[in-house]
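Peer 1: Can you read through this structure? Questions will come right after.
The values are calculated or read from the model by the stated rules, or taken from the named source; none is laboratory data. In this text the structure is predicted, and so the values were computed from the model without any measurement. Neighbour counts run over all protein chains shown; Cβ positions are idealised from the backbone, glycine included.
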Amino acid sequence: MKRFLRICAVLALTLAAGAPSGAAQAATPFCGITWGSLPKAASGPGGLSVTNVRAGQHACYDRLVIDGALWARVSYVDQVGHDGSGAPLPLRGGAFLRIVTTRSDDTHQVTYDPANRNEIVNVTGYRTFRQAGFAGDFEGQTTLGLGVRARLPFRVFVLEAAGLPPRVVIDVAHIWSN
């Protein structure tokens, strides 16, 4: 009986201290993500043009970076359409983000023209990203599509640093906040 009471006391203290109740919880990093999945926008000063798109992986999210961009509007959509025609951009994933950003150039010259418009960055092995594609440069804006595993929280912001061109950053969480 004493042993049973000691086990109950240890269990009560463990639960009161908020200790993880399983190995899976202990292995999951706490990210504190509170972003949500509703449409978002970000902007910065100036007027540059898209020059490159790249991606990276982090413990709590996958990141897409659009070099040279000073603003972006990002939202989940049923499908991303090509600029001008509206024809669907084929993307892998359970959900799709439409990213509208800075036009390539005020002189109507395209400054970002990826070799493979359907696979603008390699996201093989990413936890959240499934495919990034180029939907076009039309009427003052550049449109990208991002296929993700599911409709997950995301954030959008502009990074600026002395001596570097600005860039739009889109982070998509691996999971909903834990």
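Peer 1: Restricting the search to segment 117-172, which residues are hydrophobic (A, V, I, L, M, F, W, C), crowded, with 22+ Cβ neighbours inside 10 Å and not in a loop (DSSP other than H, G, I, E, B)?
Peer 2: Listed by number, the residues that qualify are PHE129, ALA132, PHE134, ALA135, LEU144, LEU146, VAL148, PHE154, VAL156, VAL168, ILE170, VAL172.
Peer 1: Another question, if that's okay. Within segment 96-116, which residues are modelled with pLDDT of 90 or more and assigned to a loop (DSSP other than H, G, I, E, B)?
Peer 2: The answer is ASN116, and nothing else.
Peer 1: Got a number for residues in segment 35-55 being closer than 16 Å to ALA161 by Cβ and surrounded by 14 or more Cβ atoms within 10 Å (Cβ to Cβ)?
Peer 2: Qualifying residue count, segment 35-55: 6.
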